[in-house]
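The structure appears below as structure tokens.
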There are 4 protein chains.
Amino acid sequence: MYDRIKQSFEKQGIMKTLNAQLAEVEKGQVKITCEFSEALTQHNGFFHAGVITTIVDSACGYSALTTMPENANVLTVEFKVNFMKPANTDKLIAIGKVLQAGRTLTICEGYVYDSNEEKLIAKMTATMIAVQQ
Amino acid sequence: MYDRIKQSFEKQGIMKTLNAQLAEVEKGQVKITCEFSEALTQHNGFFHAGVITTIVDSACGYSALTTMPENANVLTVEFKVNFMKPANTDKLIAIGKVLQAGRTLTICEGYVYDSNEEKLIAKMTATMIAVQQ
Amino acid sequence: MYDRIKQSFEKQGIMKTLNAQLAEVEKGQVKITCEFSEALTQHNGFFHAGVITTIVDSACGYSALTTMPENANVLTVEFKVNFMKPANTDKLIAIGKVLQAGRTLTICEGYVYDSNEEKLIAKMTATMIAVQQ
Amino acid sequence: MYDRIKQSFEKQGIMKTLNAQLAEVEKGQVKITCEFSEALTQHNGFFHAGVITTIVDSACGYSALTTMPENANVLTVEFKVNFMKPANTDKLIAIGKVLQAGRTLTICEGYVYDSNEEKLIAKMTATMIAVQQ
């Protein structure tokens, strides 16, 4: 399962650009991390909300993909993110989890923590769709 | 007003990283564009949902900022994005518009179009908060 | 088209309970109204956010249904609502509009106004799914 | 704490209309239940998404209120709900929980279960605001 997700992860050019790492893959759950860099900031010098969203969207999408058939492709239908704390940390840890896997739609929850995995920086709820490749 | 937004925009490291451009600023509306590059892709080779979100979040945040006092800073409380079409275009055009400006909270709507400003690729609704700098 | 929507509307027991009215039906747009009553209030005596949501969810769902095949049934996948003003009006006017109609998923936007259709009280974005009856 | 929430709950006319019950109140968590009736249905004869939303919105709002000062009032800024299963049960059990309590904004998560508290029917994320009464 890791290889399948890793292969797709490496096709995501933005993951290289953000220097994001695929940290863990298990059925229904994927972790992606991203170290701080000035190249990823908003106007106060913290991680931009869009960067936080990018890695947790991929984490949610791949968590959904682990529950889909081998030949499926996954796309994001929609998501909502609440930003709870300023992202002033040296590393983001994003965890995507499947809340409900369906044949067509899969609902995921995403959590973004600081580098100690203690402070919840953002929370996502996402709807993913399985499409034929 | 343009100078104030431009100054903040240039502090957002991620905007340089994405090679995003501040295209237009008027009271209650801001346009940001972003040209395609393989550095910004998801696994099918189109713009990643997170990149789309990043530029429209900044467009919404800055549209809110144009309605706030000079000394205010703006932060994203939350947003929701629906992705309507695959982002296979050579340029994204993101427009953020204030739907309701309040003293504390401002509600914005964001639209992301293809390079012809014809195809609606994504739609955001965002809640922004004014904070003292 | 009106008859098809009206028939379904009359099966929604909650619409009678709220004394909601199916006001207008056109392709891709449906209007539902609801007069004020103390039976519909929250703790400050205004319309409860849930009542606002109920009628605009039905308006969005039926707007989606107008774009679907005759034998389709519509269900709500998810929605997000921003509440912009206290709902202290003697009638709610909810308008659901199709933003993008798809074979499986349809994205709608819902607007809830006061009785003069001037003050925007709430804004919904909803994802609807077509299912076989 | 129960008395404070109960007093506000009884002012919500819609709770009587839905025949909803305030079941449990603890700091940061509130449970509201609602028995099935044909007066609460959508077109397939199940609980309407709006009814589900109404009770979980109140559960979330009251969970937030338990963390606010005595003289505070709570209003819903926005929420998002995913509907995961048809609500064909004889009783809805809605649980609102505070995810993060702030001075101005409080983020809550809401869960709606079937009568056995086993099947997750819907999931809400809500932003609540404390206002002076």
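Determine the dipole magnitude for segment A:32-133: charges of +1 sit on the beta-carbon of Lys and Arg, -1 on that of Asp and Glu, nothing else is charged, the reference point is the Cα centre, and the result goes in debye to the nearest 20.
About 300 debye.
Taking the Cβ of A:MET128 as the center, what net charge do the other residues with Cβ under 11 Å away carry, scoring Lys and Arg +1 and Asp and Glu -1?
Numbers: positive: none; negative: A:ASP57, A:GLU78.
Net local charge, A:MET128 excluded: -2.
Relative to the longest principal Cα axis of chain C, at what angle does helix C:2-11 sit, 0 to 90 degrees, rounded to 10?
60 degrees
What's the angle, to the nearest 10 degrees (0 to 90), between helix B:49-65's Cα axis and the longest principal axis of chain B?
Tilt of helix B:49-65: around 20 degrees.
If you build the convex hull over the alpha carbons only and average its shadow over all orientations, what do you get for chain B? Give it in nm² to one decimal.
7.2 nm²
If the only charges are +1 at each Lys and Arg Cβ and -1 at each Asp and Glu Cβ, what is the size of the charge dipole of segment C:1-74 around the Cα centre, to the nearest 20 debye?
Its charge dipole is roughly 100 debye.
Take each of the peptides B:80-89, A:68-77, average the number of other beta-carbon atoms within 10 Å over its residues, and list them starting from the highest.
Details: B:80-89: 20.7, A:68-77: 16.0.
Those peptides, ordered most packed to least, come out B:80-89, A:68-77.
Can you give the average number of partner chain beta-carbon atoms within 10 Å of each beta-carbon in peptide B:32-43, as a whole number?
Mean partner shielding for this stretch: 4.
Could you tell me, in Å, what Rg and Dmax come out for the Cα atoms of segment A:5-57?
Over segment A:5-57's Cα set, Rg and Dmax evaluate to 11.7, 37 Å.
So which cysteines of the protein assembly as shown have no other cysteine's Cβ under 4.7 Å from theirs?
A:CYS34, B:CYS34, C:CYS34, D:CYS34, each lacking another Cys Cβ under 4.7 Å.
Return the distance in nm (one decimal) between the two label points of a simple spin-label model at D:LYS6 and B:ASN73, each offset 7 Å from Cα along Cα→Cβ.
Label at D:LYS6, label at B:ASN73, 4.5 nm between them.
Per-residue ellipticity at 222 nm for chain D, helices alone: DSSP H runs ≥ 4 residues times -39500 (n - 2.57), over residue total, nearest 500 deg cm²/dmol?
-7500 deg cm²/dmol
Could you tell me the extents of the protein assembly as shown's C-alpha atoms along the three principal axes, largest first, rounded to whole Å?
54, 50, 41
Residues of segment D:49-72 that become at least 10 Å² less accessible with every protein chain present than in their own chain isolated, using 1.4 Å: which are they?
D:ALA49, D:GLY50, D:VAL51, D:THR53, D:THR54, D:ASP57
Applying the Karplus parametrisation 6.51 cos²θ - 1.76 cosθ + 1.60 with θ = phi - 60° to the phi angles of segment C:34-44, what ³J(HN,Hα) value in whole Hz is obtained for each residue in order, glycine and proline being reported as x?
Whole-Hz 3J(HN,Hα) from phi for segment C:34-44: 8, 7, 5, 7, 5, 6, 10, 9, 9, 6, 9.
Averaged over C:122-132, how many beta carbons belonging to a partner chain fall within 10 Å of each residue's beta carbon?
For peptide C:122-132, the averaged partner shielding equals 3.
Which of the listed residues, B:GLY110, B:THR127, B:ILE93, is farthest toward the dipole's positive end in segment B:78-133, when Lys, Arg count +1 and Asp, Glu count -1 at the beta-carbon?
Ranked along the dipole, the leading option is B:THR127.
Given +1 on the Cβ of Lys and Arg, -1 on the Cβ of Asp and Glu, and no further charges, what dipole in debye does the protein assembly as shown carry about its Cα centre, rounded to the nearest 20? Intermediate values should be presented prior to the final figure.
Working: 52 positive and 56 negative charges, 0 e Å.
Using Cβ point charges on Lys, Arg, Asp and Glu, the protein assembly as shown gives about 0 debye.
Enter the accessible area per residue of chain A (Å², integer; probe 1.4 Å; all protein chains in place).
Heavy-atom SASA per residue in chain A reads 38 Å².
Ordered shortest first, which distances in nm separate the 7 Å Cα→C-beta label point of B:GLN132 from those of the other copies?
Label-point distances to the other copies, shortest first: 1.6, 6.1, 6.3 nm.
At a probe of 1.4 Å, how much accessible area disappears from chains B and C on forming the pair, both sides counted, to the nearest 100 Å²? If you can, show how the numbers build up before the last one.
Values: alone 7120 and 7130 Å², together 13080 Å².
By this definition, chains B and C bury close to 1200 Å².
Measure off, as a whole percent, the carbon and sulfur share of the 1.4 Å-probe accessible area of chain C, all protein chains present.
It is 44 percent, rounded to a whole number.
The values are calculated or read from the model by the stated rules, or taken from the named source; none is laboratory data. No experiment lies behind these values; they were computed from the predicted model shown. Counting neighbours? That spans all protein chains shown, and the Cβs are built from the backbone with ideal geometry, glycine included. We work out accessible area using only protein heavy atoms, side chains counted, and drop any ligands, DNA or RNA first. Shrake-Rupley method; radii C 1.70, N 1.55, O 1.52, S 1.80 Å.
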